Amino acid sequence: MPNRPSGAKAGLTRELVLDAALEYLDEHGLPALSMRKLGARLGVEAMSLYRHVPNKDALLDGLVDRVMELAFAGLDDPRDGWVPWMRQFAHSLRAALVAHPGVLPLAATRPVNSPDALRMSERWLAAMRAAGLPLGRAMDVVNVIATFTIGHTLAEVGRTPGHEGSEPDLDQRSDELDPAEFPNLTEVIRTRAGLDFDHRFTEAVDILLGGYAALD
């Protein structure tokens, strides 16, 4: 994303700031992100950003909110069926996190609690209750699916903040494994059995939702 001229600050929006921060995060990692560097990326002084994100903590919270906004965008109405809606949400959230892996450490540790996020949560809670779920069950289902999705995607594409690219890979140990001592692991590496992230994720989401649906 090219730097914007300094005159562009009048056109700044919260979404523009957060999208630029997401791109910066994906390219450089969380430890490198600062208000000064983000302002330089947008071609403005850092002070211009504070109208949209009042401090660094608000920026980090906003990044999680933005990914959630991307995940919820275009979803069907939960009142048309909460199980297919939750399945759609899980896959949409995973896609948003895979597209922006730099935000995964934040998504795993910072609850969604900005005013915009709370309004979004209120909307889907109302819709799921209208679909017939009790309030507590609706909260449980969304939190379980979101937590599983974040954890699964963190294991799939997550990067260690400050040490991106150093994450260990089982395939890197393939030449070191003695088939006599590790027959199952060497077969996993050879056949890729159980290493299909898409299949694992889809099956696990369906099992979780099927279990909750069976409680009704």
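The values are calculated or read from the model by the stated rules, or taken from the named source; none is laboratory data. The model shown is predicted, which means the values in this text are computed figures rather than measured ones. Backbone-built Cβ (ideal geometry, glycine too); neighbour counts: all protein chains shown. For the accessible areas, the whole protein counts, side chains as well, though only heavy atoms, and no ligand, DNA or RNA atoms are used. Shrake-Rupley method; radii C 1.70, N 1.55, O 1.52, S 1.80 Å.
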Next item on the list: Give me the pairs, please: first residue somewhere in segment 59-76 and outside any helix (DSSP H, G or I), second residue anywhere and crowded, with 18+ Cβ neighbours inside 10 Å and aromatic (Phe, Trp, Tyr), beta-carbon distance under 8 Å, and either six or more positions apart or on two chains.
Entry: 75/85; 75/89; 76/85
Notebook entry, point to check: Looking at (1) closer than 17 Å to residue 197 by Cβ; (2) among the hydrophobic types (A, V, I, L, M, F, W, C); (3) buried (at least 17 other Cβ atoms within 10 Å of the Cβ), can you tell me which one residue 103 breaks?
Noted result: (1)
Item checked: Output for segment 29-40, where each listed residue is crowded, with 17+ Cβ neighbours inside 10 Å and modelled with pLDDT of 90 or more -> 33, 35, 38, 39
Notebook entry, point to check: What residue, among those in segment 147-183 that are modelled with pLDDT of 85 or more and polar (S, T, N, Q), is farthest from residue 24 (Cα to Cα)?
Noted result: 147
Note to self: Return the residues of segment 62-101 that are basic (Lys, Arg) and within 9 Å of the chain's Cα centre (by Cα); say none if nothing qualifies.
What the structure shows: 94
Next item on the list: Mind telling me which of the residues 58, 71, 99 ends up being among the small types (Gly, Ala, Ser) and either in contact with a Gly (Cβ under 8 Å, 6 or more places away or on another chain) or closer than 19 Å to residue 209 by Cβ (or both)?
Entry: 71
Margin query: Let me spell it out: the conditions are (1) open to solvent by less than 20 Å² (accessible area, probe 1.4 Å); (2) over 16 Å from residue 145 (Cβ atoms), and residue 26 meets all of them except one. Which number is the exception?
Written below: (1)
Note to self: Whether any residue in segment 145-154 is in contact (Cβ under 8 Å) with a residue 24 or more places away in the chain and farther than 17 Å from residue 206 by Cα is what I want to check.
What the structure shows: yes
Check: Given the conditions (1) modelled with pLDDT of 85 or more; (2) out of contact with any helix residue (DSSP H, G or I) (no Cβ under 6 Å at 6 or more places or on another chain), which single one is not true for residue 103?
Finding: (2)
Check: Quick check: anything in segment 69-81 crowded, with 17+ Cβ neighbours inside 10 Å, on the phi < 0 side of the Ramachandran plot and at pLDDT 90 or above?
Finding: no
Notebook entry, point to check: What is the residue count in segment 172-186 for residues that are surrounded by 10 or more Cβ atoms within 10 Å (Cβ to Cβ) and either in contact (Cβ under 8 Å) with a residue 60 or more places away in the chain or charged (D, E, K, R) (or both)?
Noted result: 1
Check: Any chance segment 3-13 includes a residue that's part of a helix (DSSP H, G or I) and either within 17 Å of residue 107 (Cα to Cα) or modelled with pLDDT of 90 or more (or both)?
Finding: no
Check: What tally of residues in segment 107-136 results from selecting those that are open to solvent by 50 Å² or more (accessible area, probe 1.4 Å) and either out of contact with any helix residue (DSSP H, G or I) (no Cβ under 7 Å at 6 or more places or on another chain) or not in a helix (DSSP H, G or I) (or both)?
Finding: 12
Next item on the list: Sort through 49, 104 and tell me the only one that's within 23 Å of residue 30 (Cα to Cα) and over 15 Å from the mean Cα position of the chain (by Cα).
Entry: 49
Next item on the list: For segment 187-216, enumerate the residues that are open to solvent by less than 70 Å² (accessible area, probe 1.4 Å), of a type in the set (Val, Ile, Thr) and at pLDDT 85 or above.
Entry: 202, 205
